[in-house]
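Below is one structure; the comments refer to it alone.
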């Protein structure tokens, strides 16, 4: 799950990087002079595919929001990850897609199922009193985000700050064959240029594992058996007792 | 827990999934993939085993003690590569110090390979540890509960 989060943070950068790779071969030819006016993305089959995938994402998210059955919600979240992976492939960010498919659709779904088994099977209905407030907040934030996208450069715009020949992404693309000599530029950035960053990510995952052992696995590293919460049993009896009194 | 088709399929798939994970691990220089993805795929094969044969059987094959060691060894692999480059006179994680006379950056290849191996080990053992601790809290999943 943590890796998925990190993947999301990194994915924005990697998508930018792959865009750079797409427009890298002739950075000198494409300059501000050769393209008059604002850059526009042409409507081609790939764009239609992207739109179809995004529509499916919205649909799956809507269904997951509507459903009260937690098993269905977990499965839908897995499907959501799988469609996002397909969307990343369409954006030429195959490494991110691979991670999303393995972590988001694979491990996260299994862990969510494991977590679901420890709780109820159905979500409790939310009290309706707060719904209008939540709706207003969500609509305001959504409108702000939509307003922000107007300022964003068009997809694949060679003049956008991320795609300029002087940007760090273009620098990596240009220098990897000479400095690292590894065919996969993403690996070169991940393990070599930003190796210290990746060390931190690995430590985050390690910390997550240690935290889970500390919180859930009292002594189970020795016996290998699941440990029941000692505090649970008297509490339940106590609970029943109170119910009986009432 | 007596599903013949599931058991046979899981046994058939177990080794190929491990092999694919190793391919992803050591092919990260050339194609998509690397330590993170390989570690997760490696863990998935054990999770599949646990789902079909039960957690106890899987923990006999891969015990929590081993996982705990692997978690730490993975980190040591990564950080150790960094310190090794420092001891050889380079920067932290400056892999060129591993093979300073190479004309085709062999040091970078070695460094990336070692570091990704450490990442793969830590990710695999951590993912499986988290799964063990979640799944180990319920003795068995009742088929009626699904």
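The values are calculated or read from the model by the stated rules, or taken from the named source; none is laboratory data. This structure is a prediction, so every number in the text was calculated from the model and none was measured. A quick note on method: Cβ atoms are made from the backbone with ideal geometry, for glycine too, and the neighbour counts reach across all protein chains shown.
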**Message:** Need the failing condition index for residue A:226 against (1) more than 7 Å from chain B (Cβ to nearest Cβ); (2) at pLDDT below 80; (3) in a loop (DSSP other than H, G, I, E, B), just the number.
**Reply:** (1)
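Please enumerate the residues belonging to the range A:191-215 that are touching a residue at least 12 places away in the same chain (Cβ under 8 Å), within 7 Å of another protein chain (Cβ to nearest Cβ) and either surrounded by 18 or more Cβ atoms within 10 Å (Cβ to Cβ) or under 25 Å from residue A:170 (Cβ atoms) (or both).
Selection gives A:192, A:205.
Condition check ((1) surrounded by fewer than 20 Cβ atoms within 10 Å (Cβ to Cβ); (2) more than 24 Å from residue A:185 (Cα to Cα); (3) in the same structural domain as residue A:54 (by TED's automatic domain parsing)) across all residues:
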{"residue": "A:77", "(1), (2), (3)": "yes, yes, yes"}
{"residue": "A:86", "(1), (2), (3)": "yes, no, yes"}
{"residue": "A:92", "(1), (2), (3)": "yes, no, yes"}
{"residue": "A:95", "(1), (2), (3)": "no, no, yes"}
{"residue": "A:103", "(1), (2), (3)": "no, no, yes"}
{"residue": "A:107", "(1), (2), (3)": "no, yes, yes"}
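Yes/no per residue for (1) more than 29 Å from residue A:96 (Cα to Cα); (2) at pLDDT 90 or above; (3) in contact with a helix residue (DSSP H, G or I) (Cβ under 6 Å, 6 or more places away or on another chain):
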| residue | (1), (2), (3) |
| --- | --- |
| B:13 | no, yes, no |
| B:19 | no, yes, no |
| B:26 | no, yes, no |
| B:35 | no, yes, yes |
| B:66 | yes, yes, no |
**Fill in**
Within the range A:118-144, residues modelled with pLDDT under 80 and in a helix (DSSP H, G or I) come out as A:128, A:129, A:130
**Prompt:** For the range A:162-178, how many residues are part of a helix (DSSP H, G or I) and either in contact (Cβ under 8 Å) with a residue 12 or more places away in the chain or assigned by TED's automatic domain parsing to the domain that holds residue A:99 (or both)?
**Reply:** 8
**Asked** Can you tell which of A:98, A:87, A:71 is more than 17 Å from residue B:44 (Cβ to Cβ), within 14 Å of chain B (Cβ to nearest Cβ), in contact with a helix residue (DSSP H, G or I) (Cβ under 7 Å, 6 or more places away or on another chain) and assigned to a helix (DSSP H, G or I)?
**Response** A:71
